[in-house]
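Working notes for the structure below.
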Amino acid sequence: QVQLVESGGGLVQAGGSLRLSCTASGRTFGNYIMGWFRQAPGKEREFVARISWTGGSTDYSESVKGRFTISRDNAKNTVYLQMNSLKPEDTAVYSCAATPDYYGSSWSRYAYWGQGTQVTVSS
């Protein structure tokens, strides 16, 4: 079992920045691929970014590429999502997720989830 707790969400104006954190406890953090997903009201959950076990590989959705950066610190059991140039359409609940061996964007393949943190971008 891996327990995940997100933090760092909030209200920000368009063009601003936020950094989300997701801290894990339980199993060895470095054994998990980590992903960030988001879900806006009335919409399906969508992939945002993922990072490999050591952080050597990252991928992003087209909608956030060039604006968001995912990183991890295995010594701190934490994965981050730096979000810059935020847009109102980035408004959603952001959740981190962990999977031991799936490096992909399908949320159903991630075994462990945090509770989510709200990000609201005002225009």
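Taking the accessible area of the range 38-123, probe 1.4 Å, and keeping the other protein chains in place, the carbon and sulfur fraction comes to 46%.
If R0 is 25 Å, the Cβ-Cβ spacing of Ala111 and Ser52 corresponds to a FRET efficiency of close to 0.95. What the chain shows is 50 Å² of accessible area per residue, with the surface traced by a 1.4 Å probe over protein heavy atoms. Per residue, the convex hull spanned by the alpha carbons of the range 33-123 comes to 99 Å³.
Mind ordering 29-39, 83-93 by average Cβ neighbours within 10 Å, highest first? Can you show the working numbers first?
Values: 29-39: 21.7, 83-93: 17.5.
Ranked from most to least packed, the peptides come out as 29-39, 83-93.
Each Cα pair under 8 Å and six or more residues apart adds its separation to the average, and for the range 52-113 the resulting relative contact order is 22 percent. For the chain, the relative contact order is 36 percent, taking Cα pairs closer than 8 Å that sit 6 or more residues apart in sequence and dividing their mean separation by the residue count.
The values are calculated or read from the model by the stated rules, or taken from the named source; none is laboratory data. Since we're looking at a predicted model, the values are computed, not measured. When we count neighbours, we look across all protein chains shown, and the Cβ atoms used for this are built from the backbone with ideal geometry, even at glycine. SASA here: full protein model, heavy atoms, side chains in, ligands and nucleic acids out. Shrake-Rupley method; radii C 1.70, N 1.55, O 1.52, S 1.80 Å.
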